[in-house]
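The values are calculated or read from the model by the stated rules, or taken from the named source; none is laboratory data. Remember, predicted model here, so these are calculated numbers, not experimental data. Here the Cβ positions follow ideal geometry from the backbone for every residue, glycine too, while neighbour counts run over all protein chains shown. In case anyone asks, the SASA skips ligands and DNA or RNA and just uses the protein heavy atoms, side chains included. Shrake-Rupley method; radii C 1.70, N 1.55, O 1.52, S 1.80 Å.
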Amino acid sequence: MIFHRCLLLVCALSLLPTLSWAKAPSWHSSLSFPEEMTITAPAGITIDFSRQRYYVVDYTGNQLVSFDEKGQLLDRFDASGTLNKPVSLAFASPGKIWIAQRSSNELLYVDLNDRNVRRFDLSKTTAQPVLIDRVVTDDKNRLYVANSHDGRIFRLDDNLKIAAVFSAQPDSALIDFKIKGTSLYALDGRHKQLLRFTLDGQQLEKITLDAPLDRAVSFDIDSHGMIYVLDRPAGKIVVFSAKGLFQYDFCRRGARRGQLNYPVELHFDWRQQLCVVNQGNDRIEVFKH
Amino acid sequence: MCSRLWIILPVALLLSVSWSGLATADSRCFQCHDAATFKGHITHSPIAKGQCAQCHSPHLAKYDGLLLKKGSQLCFKCHEKFEQQVMSKTTVHPPVADGECTLCHAPHASESAHLLNRSMAELCLSCHTDIEEQPGKAHAPFAKGQCTTCHLPHSSNNRAMLKKNSSALCLGCHESSPALRSKHLNRSLEGVDCLECHQPHKSNKTSLLREKLHQPFAEKKCQSCHSRKNNPSLCLECHDNIFASFNGQFSHRVNGTETNSCFNCHNPHASRQDGLIKQAPGDACRQCHEGKFSRRANSLYVHPHADRCVNCHQLHSSDLPAMRKKDNDSACVDCHERHSNFSHPMGDQALDPRNGQPMNCISCHDPCNGTMFKYNLRGTSDKGLCILCHAGY
């Protein structure tokens, strides 16, 4: 009897690694670009789902560089030499883009057809100090801006005045955000939690990320609701269930292909592949499983 | 006959050892060791009872002084509960963590309470020399050498091994009287961190204020700030040039969606540090960058003064990764000038095959996090490091 019980226990234990392996897909680097030094310091990436293109913001190169699905260079854009240390890009209405420019802490509105560039100082339009970090637009082409000077996110109206505020606890810092349908998800890096808001700034849900994270800097959510969090110093991607329970992590810090060195942004592309702005290695790493 | 001998011999040996162990107690040891030198105002109880063998082996031992165990392992044999109590706290006094009980305590006898080697003040200040060197008037407990009025000597869950955090400690003696509150804009003092503005040991300023004072505070113009809304605009109105100092690619993020984010790092009243930084260099950074400090603590080889973050990093922003002040090579060459003459080829002529970037000092060294290898190398110096790039080596 005891022998049978022991046998059952041994069988169950031997199955455990198999079960956990089955849970954790094997992610690997499927694409790493650019192959040549076409970008010098990637600061961010914006993905055009409809045209299936990657747009990389090159901070030191003062340019926006587009790549196709194979990571081949398509085009470069420097707004006739007016770009100076861009950090983020968002598509506005067709043929127009928003660029956050760090050197002057301005928001640029660029008409790609006539190459006209209009500059805006958000500290003036919002009547408070705003250090523009990331810019994102929603389906209605409304503009959202992360203010890294107070850890809040603003939705701006057509006059670039604050229309909605997204904030968390008084000592929080909303370090990254993504718009999914009618919700805005924001990552509170300090408290290691993901917050879900309406697009008017009303907080709906708080998801505590149940795993040790050194410095969470970016995230995205897949079609099944799984949360992928980028841990910058660890060079890891940590995966959580929709309720914030730790599932598994992958990748490690390093300089080789498929390794991350101080990564800064994480996005799913149109193929549900994970794109990481691998800042320390000056390239974009795309993972699939 | 022979097999009997094999049984008798070990038994006889065991008996002789036990006997000699017992015999060492008091009578035998003190035939050679002067008993008077083992007695004092306070005597460790095994000595008082003549139980030398509780700590010492009379014949041979692995450790100096014929001790049965090394360092605190010996002490914790009896002080077992104390070990659990001490080691469960977040901050453990380094001598305790290193098992060096005898750095502070005399193992046999002492003239000081708790078997301390010297008086408490002398003992603490023998390591914490910087405190005594501070000029000015001393806080009463410090002047009397009563360090344990505020600090726990072994371990604590509070910073600086304090007995309690924030004002809870100070208000234990300095009652929250109307007079005291009136000096603080009549605000409640509960939860206030008194140490942000006041020196706990010595100061040249009145009320033991810290050395560096914010100008409006020094001029007692409290209302120039306190009559207005507390957000970054409050600070930027005077320090308007500071905002642009954040305009680098790597810009220091701040916490505080509804508070003044400047106060993440700066104290608006007083500080011991330049720029009114809240805590000592490194300590202020640690509040948010704990991961970095933990990695460093777990590394075998760490760059000297690695905790002085400001030596290499900008505080507001930089165009260089990790908000460095200088690029990798020039930052290192400032101190390691000679090394630049004989090192591995670097720069645009030697690209790292792993990521295509020009080789630099941190391609091979990790001075900030520290590593398990000499010279903060990222691999062993025989070939573990080289094969990271030269796979066929």
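Some points to look at:
- Taken over region A:212-227, the criterion of being open to solvent by less than 40 Å² (accessible area, probe 1.4 Å) and either of a type in the set (Asp, Glu) or over 24 Å from residue B:322 (Cβ atoms) (or both) is satisfied by A:220, A:221, A:222, A:225, A:227.
- Checking each residue in region A:144-163 for being touching a Lys or Arg at 6+ places or on another chain (Cβ under 6 Å) and within 14 Å of chain B (Cβ to nearest Cβ) picks out A:146, A:148.
- Meets criteria (modelled with pLDDT of 90 or more, touching a Pro at 6+ places or on another chain (Cβ under 8 Å), open to solvent by less than 80 Å² (accessible area, probe 1.4 Å) and under 14 Å from residue B:154 (Cβ atoms)) for residue B:52: no
- Residues that are within 19 Å of the chain's Cα centre (by Cα), surrounded by 17 or more Cβ atoms within 10 Å (Cβ to Cβ) and not assigned by TED's automatic domain parsing to the domain that holds residue B:87 number at least 2 in the following helices (runs of 4 or more DSSP H) confined to region B:106-194: B:120-127.
- Selection within region B:85-105 - open to solvent by 80 Å² or more (accessible area, probe 1.4 Å) and either in the same structural domain as residue B:294 (by TED's automatic domain parsing) or outside any helix (DSSP H, G or I) (or both): B:88, B:90, B:98, B:100
- Region A:37-55 - residue that is part of a strand (DSSP E or B) and more than 14 Å from chain B (Cβ to nearest Cβ) and, of those, most open to solvent (accessible area, probe 1.4 Å): A:53
- Selected residue [within 23 Å of the chain's Cα centre (by Cα) and touching a residue at least 12 places away in the same chain (Cβ under 8 Å)] from B:282, B:248: B:282
Residues are listed down the side, and each one gets a yes or a no for (1) under 37 Å from the mean Cα position of the chain (by Cα); (2) open to solvent by 50 Å² or more (accessible area, probe 1.4 Å); (3) modelled with pLDDT of 90 or more:
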{"position": "B:360", "(1), (2), (3)": "yes, no, no"}
{"position": "B:374", "(1), (2), (3)": "yes, yes, yes"}
{"position": "B:377", "(1), (2), (3)": "yes, no, yes"}
{"position": "B:383", "(1), (2), (3)": "yes, yes, no"}
{"position": "B:392", "(1), (2), (3)": "no, yes, no"}
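- Just one of (1) surrounded by fewer than 14 Cβ atoms within 10 Å (Cβ to Cβ); (2) at pLDDT 95 or above; (3) at positive phi fails for residue A:180. It is (3).
- Region B:207-314 holds helices (runs of 4 or more DSSP H) entirely within its bounds, and those carrying 3 or more residues that are at pLDDT 90 or above and away from chain A (no Cβ under 14 Å) map to B:215-218, B:223-226.
- Residue that is surrounded by the most Cβ atoms within 10 Å (Cβ to Cβ), among those in region A:238-263 that are within 14 Å of chain B (Cβ to nearest Cβ) and of a type in the set (S, T, N, Q): A:261
- Residue check, residue B:339 in the same structural domain as residue B:375 (by TED's automatic domain parsing) and part of a loop (DSSP other than H, G, I, E, B): no
- Hits in region B:251-277 - residues which are over 22 Å from residue A:130 (Cβ atoms) and open to solvent by 60 Å² or more (accessible area, probe 1.4 Å): B:272, B:274
- Looking at A:199, A:213, A:209, A:195, just one residue is within 12 Å of chain B (Cβ to nearest Cβ), out of contact with any Pro (no Cβ under 7 Å at 6 or more places or on another chain) and modelled with pLDDT of 95 or more, and that residue is A:195.
- Residue A:171 vs. criteria acidic (Asp, Glu), over 16 Å from residue A:217 (Cβ atoms), open to solvent by 50 Å² or more (accessible area, probe 1.4 Å) and within 12 Å of another protein chain (Cβ to nearest Cβ): yes
- Residue B:348 satisfies every condition listed in (1) open to solvent by less than 30 Å² (accessible area, probe 1.4 Å); (2) in a strand (DSSP E or B) except (1).
- Any hit, region A:92-103, residues being within 23 Å of the chain's Cα centre (by Cα), part of a loop (DSSP other than H, G, I, E, B) and facing chain B (nearest Cβ under 10 Å): yes
- Checking residue B:138 against (1) among the small types (Gly, Ala, Ser); (2) closer than 30 Å to residue A:100 by Cβ; (3) in contact (Cβ under 8 Å) with a residue 12 or more places away in the chain, the condition it does not meet: (2)
- Taking (1) touching a strand residue (DSSP E or B) at 6+ places or on another chain (Cβ under 8 Å); (2) at pLDDT below 95; (3) away from chain B (no Cβ under 14 Å) in turn, residue A:21 satisfies each apart from (1).
- Close pairs from region A:192-210: first exposed (fewer than 13 other Cβ atoms within 10 Å of the Cβ), partner of a type in the set (Val, Ile, Thr) and part of a strand (DSSP E or B), Cβ under 7 Å, at least 6 apart: A:204/A:198
- Lone qualifier among B:230, B:204 - being touching a residue at least 12 places away in the same chain (Cβ under 8 Å), under 20 Å from residue B:185 (Cβ atoms) and surrounded by 12 or more Cβ atoms within 10 Å (Cβ to Cβ): B:230
- Filtered residues of region A:264-285 (kept if at the interface with another protein chain (Cβ under 8 Å from one of its Cβ atoms), among the polar types (S, T, N, Q) and either surrounded by fewer than 24 Cβ atoms within 10 Å (Cβ to Cβ) or under 13 Å from the mean Cα position of the chain (by Cα) (or both)): A:279
- For region B:351-393, a tally of residues being assigned to a strand (DSSP E or B) and within 14 Å of chain A (Cβ to nearest Cβ) returns 5.
- Here residue A:235 clears all of (1) within 30 Å of residue B:387 (Cβ to Cβ); (2) within 13 Å of chain B (Cβ to nearest Cβ); (3) open to solvent by 10 Å² or more (accessible area, probe 1.4 Å); (4) touching a Lys or Arg at 6+ places or on another chain (Cβ under 8 Å) except the condition numbered (3).
- The set of residues in region A:119-143 that are away from chain B (no Cβ under 13 Å), part of a strand (DSSP E or B) and under 22 Å from residue B:243 (Cβ atoms) comprises A:119, A:120, A:135, A:143.
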